[in-house]
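Report on one structure; see the data block that follows.
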Amino acid sequence: MIEHPLGGEVLVKRDDLSGYGRGGVKTRKIERLFGYMLTKGYNEFITVVANVTNLMHDMVPVLERYNFHWQVFIVDEPQLPTIARKGLFKDVAEKVHFVGPGKLSVASSMIWALFTSLNRKHHPFLVPPSLMHPAGAIGSASGFIEMVDQLEASGISLPSTVFITAASGTTLAGFLIAENILRHAGHLPIRVIGVQVYPGRVHLWILGLIRWTERFLGLRERVPADRIELISSNLYGGFGIYPAKVADLCRQIHVDYDLNIDPIFGGKTWLAMESYLAQRAVSDNRPILYWHCGYTPDWYRLDQLVNQADE
Ligand SMILES: *Cc1c(COP(=O)(O)O)cnc(C)c1O
């Protein structure tokens, strides 16, 4: 818990300390998704990730530990020179396939991967980007319930609002499902605000994943579509793009609170939370919660790469 100068208590949920791969909120998705694969007897994992990703680094230890076959495609987004892309994936370069930007090259690569896998008599599991699968969302949902349990056990008031970074929005989708279940079980409503860091129709993907997961679980209570709240004003034109003030804010957060936050994901969310704190009504005496989703350790290096590629 920290005292924020803009007023009030800010709780920080430290998923950056999850201690697996790079750590972070993705551990929750990974745990459930690979657990699901194991119980269903799938032995080959096929998916696609972008150039700038923490997911890949988090998944590799699990893929290796359980001896899954895997084919992962890296889509060229944000667009980078080949040498830079190879550098980012140097620990796994032999095992990933670099594909061009755009949906078509992704789709054809995935179909090819599926075909080769079936041909080898494997049981392939084709997962949408960012583990946007109900098993992933359920992992995130358990995280939200864990947060509520921890606060209730320690007698701290539940937050009125949770700020979470939304890249694909898988985590946000899971949180909204969990919040809805808790709400119907008589807990205080919690507003969940996603801060968009990846451009595109994230809203639609989130709604789709929520409905898919509700059906997957056979839930009767459905999350109303208007509960998906996304702040898009901190996108600054794209994934991985941010003005110097966001980078400065991240450095300052490190000095003030000893938290490692990068400007690609968490810094944008922190900024949105600060605008919210500055405007919120004084009558709101419940704390605010910032969900620390993890950290991109090479963001300094990426900063240079993305800017070079833009020129
Ligand atoms: C992946 C990631 C997120 C958000 O994940 P989604 O579930 O895809 O929205 C947020 N912050 C960091 C640092 C991440 O690596």
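Just so it is clear, none of the values below were taken in a lab; they were calculated from the coordinates. All values reported here derive from a predicted model rather than from experimental measurement. Heads up, the Cβs are rebuilt from the backbone with ideal geometry, glycines too, and the neighbour counts pull from every protein chain shown.
A simple spin-label model places pseudo-atoms 7 Å from Cα toward Cβ; at residue 286 and residue 142 they are separated by 2.5 nm. Once the Cα atoms are used to define both axes, helix 202-217 deviates from the longest principal axis of the chain by about 80 degrees. Here the extension length gained between residue 201 and residue 149 equals 15.5 nm, from 0.36 nm per residue of separation less the Cα-Cα distance.
Counting only DSSP H runs of at least 4 residues, each contributing -39500 (n - 2.57), and dividing by the residue count of the chain, the helix-based mean residue ellipticity at 222 nm comes to -15000 deg cm²/dmol. Between residue 222 and residue 119, the distance separating the two model label sites (each 7 Å from Cα on the Cα→Cβ line) works out to 4.2 nm.
You can think of it this way: the chain between residue 301 and residue 6 has 103.1 nm of extra reach, that is 0.36 nm per residue less the Cα-Cα gap. Dividing the convex hull volume of the alpha carbon atoms of the stretch 42-91 by its residue count gives 68 Å³ per residue. Its relative contact order, with pairs defined as Cα atoms under 8 Å and 6+ residues apart, puts the stretch 27-131 at 39 percent. Helix 134-154 and the long axis of the chain differ in direction by around 30°, with both axes built from C-alpha atoms. Within a straight-line Cα-Cα reach of under 22 Å, residue 90 can be paired with the following lysines, leaving aside sequence neighbours fewer than 8 residues apart in one chain: 26. Against the main long axis of the alpha-carbon atoms of the chain, helix 266-279 sits at an angle near 20°.
Compute the length gained on full extension between residue 187 and residue 65: take 0.36 nm times their separation in residues and subtract their Cα-Cα distance, giving the result in nm to one decimal. Length gained between residue 187 and residue 65: 40.1 nm. Take the convex hull of the alpha carbons in the chain; its mean projected area over all directions comes to 16.4 nm². Of all aspartates and glutamates in the structure, the ones whose alpha carbon falls short of 18 Å from that of residue 95, not counting any fewer than 8 places away in one chain, are 44, 58, 64, 76.
Computed from the C-beta positions of residue 157 and residue 211 and an R0 of 51 Å, the FRET efficiency is 0.95 to the nearest 0.05. Over the chain, Cα pairs under 8 Å with separation of 6+ residues give a relative contact order of 23 percent. Across all Cα atoms of the stretch 111-233, the radius of gyration (one decimal) and Dmax (whole number) stand at 16.4, 56 Å. Each 5 Å bin from 0 upward holds the following percent of the Cα-Cα pairs of the stretch 27-131: 2, 12, 25, 24, 20, 12, 4, 1. Could you check which residue among 146, 214, 31 shows the biggest mean-square fluctuation in a GNM of the chain with a 10 Å Cα cutoff? The residue that fluctuates most here is 146. Taking amide H positions as modeled 1.01 Å from N, with prolines and chain starts lacking one, the residues under 5 Å from residue 290 and 5 or more places away or on another chain are 11, 12, 13, 163. Report note on the peptides 263-269, 77-83: ranked by the mean count of other C-beta atoms within 10 Å, highest first, their order is 263-269, 77-83. When the chain is treated as a Gaussian network with alpha carbon springs shorter than 10 Å, the biggest mean-square fluctuation among 262, 76, 91 belongs to 91.
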